[in-house]
1. When you check residue 87 against the structure, is it on the phi < 0 side of the Ramachandran plot, of a type in the set (A, V, I, L, M, F, W, C), surrounded by fewer than 18 Cβ atoms within 10 Å (Cβ to Cβ) and in contact with an Asp or Glu (Cβ under 9 Å, 6 or more places away or on another chain), yes or no?
2. Would you confirm, using the coordinates I've provided, whether residue 146 is among the basic types (Lys, Arg) and open to solvent by less than 60 Å² (accessible area, probe 1.4 Å)?
3. Which of the numbered conditions does residue 110 fail, given that it passes all the others? Conditions: (1) surrounded by 14 or more Cβ atoms within 10 Å (Cβ to Cβ); (2) under 18 Å from residue 80 (Cβ atoms); (3) modelled with pLDDT under 95.
4. Counting only residues that are in contact (Cβ under 8 Å) with a residue 24 or more places away in the chain and basic (Lys, Arg), which one in the stretch 40-64 is nearest to residue 22 (Cα to Cα)?
5. For the stretch 28-70, which positions are within 15 Å of the chain's Cα centre (by Cα) and acidic (Asp, Glu)?
6. Would you please list the contacts, defined by Cβ atoms under 6 Å and residues six or more apart or on different chains, that run from a residue in the stretch 129-143 that is within 14 Å of residue 24 (Cα to Cα) to a residue that is not acidic (Asp, Glu)?
Amino acid sequence: MTTQRPPLPPFDATTAAAKVQSAEDAWNTRDPERVALAYTPDSVWRNREMHIRGRDEIVSFLTRKWERERDYALRKELWAFTSNRIAVRFQYEWHDADGQTWRSYGNELWEFDTDGLMSRREASINDVEIAAEDRRIRGARTDEERRTPLPLW
């Protein structure tokens with residue numbers, strides 16, 4: 001039995017935006033097991049230079065990620081969509097074990113199966129050192145933030 005993850009493809013502007021917000025909300029929990037349930041059991045990822053296959057590898061990757069990227073907070077924005085694909089741009093902020101604060105910028109390409117599970121994720125990400133006082137992303141999005149596009153930098 002397969003678990004569905006609405007909204008399901010084919011996407012329209014409303015359902016694609018809802019899918020993006022759902023992903024942002026899940027990733028902001030920093031719970032690898034919860035996040036992995038949104039992906040097919042054999043999902044394939046390219047994340048930066050890494051290649052990841054399947055939920056077990058996703059959980060392992062996210063566990064390591066959030067051990068390193070402390071106080072992680074993410075914002076995603078719908079860029080484009082088709083029937084079963086979504087493109088997003090995102091920014092997230094975090095600090096490392098030495099206290100250096102970072103802002104990471106990126107783009108993702110997503111492909112979904114008919115049950116709304118992500119079967120493919122390709123992410124390109126760049127990290128930029130920032131001063132702690134320049135941090136602007138903290139915790140879950142407020143309602144006001146949801147109506148504001150991400151800044152370019």
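1. On the way: on the phi < 0 side of the Ramachandran plot: yes; of a type in the set (A, V, I, L, M, F, W, C): yes; surrounded by fewer than 18 Cβ atoms within 10 Å (Cβ to Cβ): yes; in contact with an Asp or Glu (Cβ under 9 Å, 6 or more places away or on another chain): yes.
For residue 87, the condition - on the phi < 0 side of the Ramachandran plot, of a type in the set (A, V, I, L, M, F, W, C), surrounded by fewer than 18 Cβ atoms within 10 Å (Cβ to Cβ) and in contact with an Asp or Glu (Cβ under 9 Å, 6 or more places away or on another chain) - is met.
2. Values: among the basic types (Lys, Arg): yes; open to solvent by less than 60 Å² (accessible area, probe 1.4 Å): no.
No.
3. (3)
4. 46
5. 31, 33, 69
6. From residues that are within 14 Å of residue 24 (Cα to Cα), the pairs are 137/73; 137/75; 138/73; 139/73; 140/28.
Yes/no per residue for (1) surrounded by fewer than 16 Cβ atoms within 10 Å (Cβ to Cβ); (2) under 26 Å from residue 134 (Cβ atoms):
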| residue | (1), (2) |
| --- | --- |
| 8 | no, no |
| 41 | yes, no |
| 51 | yes, no |
| 68 | yes, yes |
| 71 | yes, yes |
| 105 | no, yes |
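The values are calculated or read from the model by the stated rules, or taken from the named source; none is laboratory data. Bear in mind that the values here come from a model prediction, so they are computed numbers and not experimental data. Positions of Cβ are generated from backbone atoms using ideal geometry, with glycine treated the same way; all protein chains shown enter the neighbour counts. We work out accessible area using only protein heavy atoms, side chains counted, and drop any ligands, DNA or RNA first. Shrake-Rupley method; radii C 1.70, N 1.55, O 1.52, S 1.80 Å.
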